[in-house]
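One structure is given here, and the rest of the page talks about it.
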Amino acid sequence: QVQLVESGGGLVHAGGSLRLSCVASGIIFRLRAMGWYRQAPGKQREFVAQITAAGSVTYADAVKGRFTISRDNAKNTVYLQMVSLKSEDTGVYYCKVITNNSWGQGTQVTVSS
């Protein structure tokens, strides 16, 4: 059973930074592509970033140049470093095993303008 636990969210001013973490269990983490998604109030959940098992990364256009996804296979953890945050980055952030339908509880990011 896949379990995902996100953390690191919070309230920051526009221009600030946060680093999100997601610890995964129930999978052979090093073999799986991992992703971050977010859901803003009143909007559908959307893709943010992805990192493959080999370390290749993909970003949504809205976050390119500001967010960095990385992974630590020894810790079964995927990270999302976010800088130059904007109010439109506000939402609940979720990590996901790309080929699995399980979601964690998410972590709230609020950016005040």
Out of Ser17, Ser21, sole residue that is over 20 Å from Gln105 (Cβ atoms) and hydroxyl-bearing (Ser, Thr, Tyr): Ser17
Would you check which residues across the stretch 15-35 are among the hydrophobic types (A, V, I, L, M, F, W, C) and either under 12 Å from Thr77 (Cα atoms) or open to solvent by 60 Å² or more (accessible area, probe 1.4 Å) (or both) and list them? Leu20, Cys22, Val23, Ala24, Ile27, Ile28, Phe29, Leu31, Ala33, Met34
Of Gly8, Gly42, which residue is closer than 17 Å to Val109 by Cα, touching a residue at least 40 places away in the same chain (Cβ under 8 Å) and either out of contact with any strand residue (DSSP E or B) (no Cβ under 9 Å at 6 or more places or on another chain) or not aromatic (Phe, Trp, Tyr) (or both)? Gly8
Condition check for Gln50: open to solvent by less than 70 Å² (accessible area, probe 1.4 Å) and either of a type in the set (S, T, N, Q) or not in a strand (DSSP E or B) (or both): yes
Looking at the stretch 39-46, can you tell me whether even one residue there is in contact with a Gly (Cβ under 7 Å, 6 or more places away or on another chain), modelled with pLDDT of 95 or more and more than 13 Å from Gly8 (Cβ to Cβ)? yes
Within the stretch 58-113, the count of residues that are among the polar types (S, T, N, Q), touching a residue at least 40 places away in the same chain (Cβ under 8 Å) and either out of contact with any helix residue (DSSP H, G or I) (no Cβ under 8 Å at 6 or more places or on another chain) or under 16 Å from Arg19 (Cβ atoms) (or both) comes to 12
Tally, over the stretch 59-113, of residues that are small (Gly, Ala, Ser) and assigned to a strand (DSSP E or B): 3
Please go through the stretch 36-47 and pick out each residue that is open to solvent by 70 Å² or more (accessible area, probe 1.4 Å) and on the phi < 0 side of the Ramachandran plot. Pro41, Lys43, Gln44, Arg45, Glu46
Scope the stretch 2-35; condition hydrophobic (A, V, I, L, M, F, W, C) and in a strand (DSSP E or B); matching residues: Leu4, Val5, Leu11, Val12, Leu18, Leu20, Cys22, Val23, Ala24, Met34
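The values are calculated or read from the model by the stated rules, or taken from the named source; none is laboratory data. These figures come from a predicted structure and were not determined experimentally. Virtual Cβ from ideal backbone geometry, glycine too; neighbours counted across all protein chains shown. These accessible areas exclude ligands, DNA and RNA; they are computed on the full protein's heavy atoms, side chains included. Shrake-Rupley method; radii C 1.70, N 1.55, O 1.52, S 1.80 Å.
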